[in-house]
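J.: To start, I am sharing the structure in question, which I have written as structure tokens.
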Amino acid sequence: MTDILLGQVLSFDADPFAKGPEAARHEATGAVAIEAGKILAHGPAARIRAQFPQARVTDYGTCLISAGFIDAHVHYPQTAIIASWGKRLIDWLNTYTFPEEMRFADPAYAETIANRYLDLALAHGTTSMCSYTTIHPASVDAFFAAARARGLRAWAGKTCMDRNAPEGLRDTAQSAYDDSKALLHKWNGVDRLAYVITPRFSPTSTPEQLSALGALWGENPECLMQTHLSEQLDEIAWVRDLFPQARDYLDTYEAHGLLGAGGLYGHAIHLTPRERDRLRERDASLIHCPTSNTFIGSGLFDMSLAHTMRVGLATDTGGGSSFSMLRTMAAAYEVAQLRGTALHPSQLWWLATQGSARALRADTKIGNIAKGMEADLTIIDLASTPAIAQASARAQDIWQGLFPTIMLGDDRAIRATWIAGKNTARGAERTKP
Ligand code: GUN
Ligand code: ZN
């Protein structure tokens, strides 16, 4: 069965950080044809309908059809503690995060939260994500099982910590290696799932654990590796105390085989020139988490790095204060403004789709509307609230039409999400037959 979706279609021919807004292609009366989970064709509605006359047609009117959002750094176990008041990073971890993560010793709780998180992500138009879990292997199983049941392309790995975490939330260098390896073999490549080697961050891993996970990455170089880097100044000072031999924070990873292509470094705000150069030389990915960086008071990411490096965009739920990649784009815009740059809507949209896909090295599969790519699509109502509708009504072009939704939109703007060519009936569509 071929499906045709009608609406405004937004896709990218290139990177708008390199080519400007002309990198985007907007078809005002457009269509996307999909079959067997993949995009067959897209273009003007009349041409696509003539090309596939037997197709089942879903008409989304003036809604925008986009590649689904890709959240490149999220902690699904922190779903229930989102928007917890008043702490900076280390305090926040000890007060809210670690006690909550302790609850994932119970596999039934992990299953409940994995399902809750993924339902929230889909309702917000997020079709792929790269998640941390907890130290408990069952928390990884719960996430992958829930993602698999929804047909998602998703990444996750066991979060490893063998020091500076409470009793009950610590593994060891050996058990982190053994458990991660077993989970990698169990889940990596199953359907659309991929395992990510996950040392939480240098303060909670001994050098022995970092080395063990570096060795596992060396044995499985096709896997991604995710961690946190230079998020807050207090954290960086702590890393300096814990690793007196290291040249800088990045060196604590580099010295243990944890720097390379396929490495995802969350936050990466307070980088030294050496760290930037090494990350660029090794073609590593930086993950920008703007709502988290303002919420926890971490600092202002330097988006000029997107001109020369892979940069993905992420909610960092629950250090981040939203499940919405629209809200995350708005925060990225505001943070860049505070550094003197007004990111163009095409750049914001690209970061939340192709940019994150490129950071996750999956940009030939997801993150764009192009022939042969996987049909993970988000359908956006560009007039989802009275405030947005009155602002977008004045729009002279697609960017003016889109920007009020970027700045003011939330899950009410998500009319539908399609995963691998199937309508998930999540988003507002479930209440609008
Ligand atoms: N650094 C280490 N762990 C975390 C976490 O869970 N959230 C954030 N924002 N930073 C971290
Ligand atoms: Zn994080």
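The values are calculated or read from the model by the stated rules, or taken from the named source; none is laboratory data. No experiment lies behind these values; they were computed from the predicted model shown. As a convention, Cβ positions derive from the backbone with ideal geometry for all residues, glycine included, and neighbour counts pool all protein chains shown.
J.: Which of the residues belonging to the range 292-309 are without any contact (Cβ under 8 Å) to a residue 60 or more places away in the chain, crowded, with 24+ Cβ neighbours inside 10 Å and either more than 16 Å from ligand 2 (Cβ to nearest atom) or of a type outside the set (Gly, Ala, Ser) (or both)?
T.: Passing the criteria: only Phe301.
J.: Would you confirm whether any residue within the range 65-87 is within 16 Å of ligand 2 (Cβ to nearest atom) and surrounded by fewer than 15 Cβ atoms within 10 Å (Cβ to Cβ)?
T.: Yes, the range 65-87 contains at least one residue that is within 16 Å of ligand 2 (Cβ to nearest atom) and surrounded by fewer than 15 Cβ atoms within 10 Å (Cβ to Cβ).
J.: For residues that are closer than 30 Å to Pro99 by Cβ and of a type in the set (Val, Ile, Thr), scanning just the range 312-348, find the one that is nearest to the chain's Cα centre (by Cα).
T.: Selected residue: Thr315.
J.: Residues of the range 304-327 being away from ligand 1 (no atom under 16 Å from the Cβ) and outside any helix (DSSP H, G or I), which ones?
T.: Thr308, Met309, Arg310, Val311, Ser324
J.: Please verify whether Asp234 is within 15 Å of ligand 1 (Cβ to nearest atom) and surrounded by fewer than 20 Cβ atoms within 10 Å (Cβ to Cβ), treating the condition exactly as stated.
T.: On the way: within 15 Å of ligand 1 (Cβ to nearest atom): yes; surrounded by fewer than 20 Cβ atoms within 10 Å (Cβ to Cβ): yes.
When the stated conditions are applied, Asp234 passes them.
J.: Please determine whether any residue of the range 379-390 is among the hydroxyl-bearing types (Ser, Thr, Tyr), touching a Gly at 6+ places or on another chain (Cβ under 7 Å) and at negative phi.
T.: Kept after step one, since they are among the hydroxyl-bearing types (Ser, Thr, Tyr), are these residues of the range 379-390: 384-385.
Filter again for touching a Gly at 6+ places or on another chain (Cβ under 7 Å), leaving 384.
Subsequent filtering for residues that are at negative phi retains 384.
Yes, because at least one residue in the range 379-390 is among the hydroxyl-bearing types (Ser, Thr, Tyr), touching a Gly at 6+ places or on another chain (Cβ under 7 Å) and at negative phi.
J.: Whether any residue in the range 261-270 is surrounded by fewer than 23 Cβ atoms within 10 Å (Cβ to Cβ), within 16 Å of ligand 2 (Cβ to nearest atom) and in contact (Cβ under 8 Å) with a residue 40 or more places away in the chain is what I want to check.
T.: Yes.
J.: Which condition does Ala50 not pass, out of (1) away from ligand 2 (no atom under 16 Å from the Cβ); (2) free of Cβ contacts under 8 Å to residues at least 60 places away in the same chain; (3) surrounded by 15 or more Cβ atoms within 10 Å (Cβ to Cβ), if it passes all the others?
T.: Every condition holds for Ala50 apart from (3).
J.: Does the range 236-250 include one or more residues that are more than 16 Å from ligand 2 (Cβ to nearest atom), touching a strand residue (DSSP E or B) at 6+ places or on another chain (Cβ under 6 Å), of a type in the set (A, V, I, L, M, F, W, C) and touching a residue at least 24 places away in the same chain (Cβ under 8 Å)?
T.: no
J.: Something else about it: Filter the range 118-169 for residues that are within 14 Å of ligand 1 (Cβ to nearest atom) and of a type in the set (Ser, Thr, Tyr); which is nearest to Arg412 (Cα to Cα)?
T.: Here the answer is Ser131.
J.: Tally up the residues in the range 84-112 that are of a type in the set (S, T, N, Q), within 15 Å of ligand 1 (Cβ to nearest atom) and farther than 20 Å from Arg163 by Cβ, please. Even if it seems obvious, please write down each step before you answer.
T.: Taking the range 84-112 first, the residues of a type in the set (S, T, N, Q) are 84, 94-95, 97, 112.
After this cut, where a residue has to be within 15 Å of ligand 1 (Cβ to nearest atom) as well, the list is 84, 94-95, 97.
Filter once more, keeping what is farther than 20 Å from Arg163 by Cβ: 84.
Qualifying residue count, the range 84-112: 1.
J.: Residues to consider are Leu377, Leu351; find the one that is farther than 23 Å from Leu5 by Cβ, at pLDDT 95 or above and buried (at least 23 other Cβ atoms within 10 Å of the Cβ).
T.: Answer to the check: Leu351.
J.: While we're on this one: Is there any pair with a first residue in the range 385-404 that is farther than 16 Å from Cys63 by Cβ and a second that is surrounded by fewer than 20 Cβ atoms within 10 Å (Cβ to Cβ) and at pLDDT 95 or above whose Cβ atoms are under 7 Å apart and which are 6 or more apart or on different chains, and what are they?
T.: Ala387/Leu408; Trp399/Pro21
J.: Given the options Ala342, Ala428, Ala391, Ala395, name the one that is touching a helix residue (DSSP H, G or I) at 6+ places or on another chain (Cβ under 9 Å) and modelled with pLDDT under 95.
T.: Ala428
J.: Being surrounded by 21 or more Cβ atoms within 10 Å (Cβ to Cβ) and closer than 30 Å to Arg358 by Cα is the requirement here; does Ala18 meet it?
T.: Considered against the rule, which asks whether it is surrounded by 21 or more Cβ atoms within 10 Å (Cβ to Cβ) and closer than 30 Å to Arg358 by Cα, Ala18 comes out as no.
J.: Could you list all residues from the range 250-283 that are within 16 Å of ligand 1 (Cβ to nearest atom) and either of a type in the set (S, T, N, Q) or within 20 Å of Trp217 (Cα to Cα) (or both)? Before you say what the answer is, go through the steps one by one.
T.: Quick first cut of the range 250-283, residues within 16 Å of ligand 1 (Cβ to nearest atom) only: 250, 252-253, 258, 263-271.
If the condition is that a residue be within 16 Å of ligand 1 (Cβ to nearest atom) and either of a type in the set (S, T, N, Q) or within 20 Å of Trp217 (Cα to Cα) (or both), then Leu250, Thr252, Tyr253, Leu258, Gly263, Leu264, Tyr265, Gly266 are the ones that fit.
J.: Quick one: is Leu242 surrounded by 20 or more Cβ atoms within 10 Å (Cβ to Cβ) and of a type in the set (A, V, I, L, M, F, W, C)? Let's see the steps before the verdict.
T.: Numbers: surrounded by 20 or more Cβ atoms within 10 Å (Cβ to Cβ): no; of a type in the set (A, V, I, L, M, F, W, C): yes.
For Leu242, the condition - surrounded by 20 or more Cβ atoms within 10 Å (Cβ to Cβ) and of a type in the set (A, V, I, L, M, F, W, C) - is not met.
J.: What do you reckon, is Tyr60 hydroxyl-bearing (Ser, Thr, Tyr), under 28 Å from Thr133 (Cβ atoms) and more than 10 Å from ligand 1 (Cβ to nearest atom)?
T.: Taking the combined requirement at face value, the residue does not satisfy it.
J.: Counting residues that are of a type outside the set (A, V, I, L, M, F, W, C) and closer than 30 Å to Ala156 by Cα, which strands (runs of 3 or more DSSP E) fully inside the range 1-83 reach at least 3?
T.: Because the criterion is at least 3 residues that are of a type outside the set (A, V, I, L, M, F, W, C) and closer than 30 Å to Ala156 by Cα, the strands (runs of 3 or more DSSP E) in the range 1-83 that meet it are 69-75.
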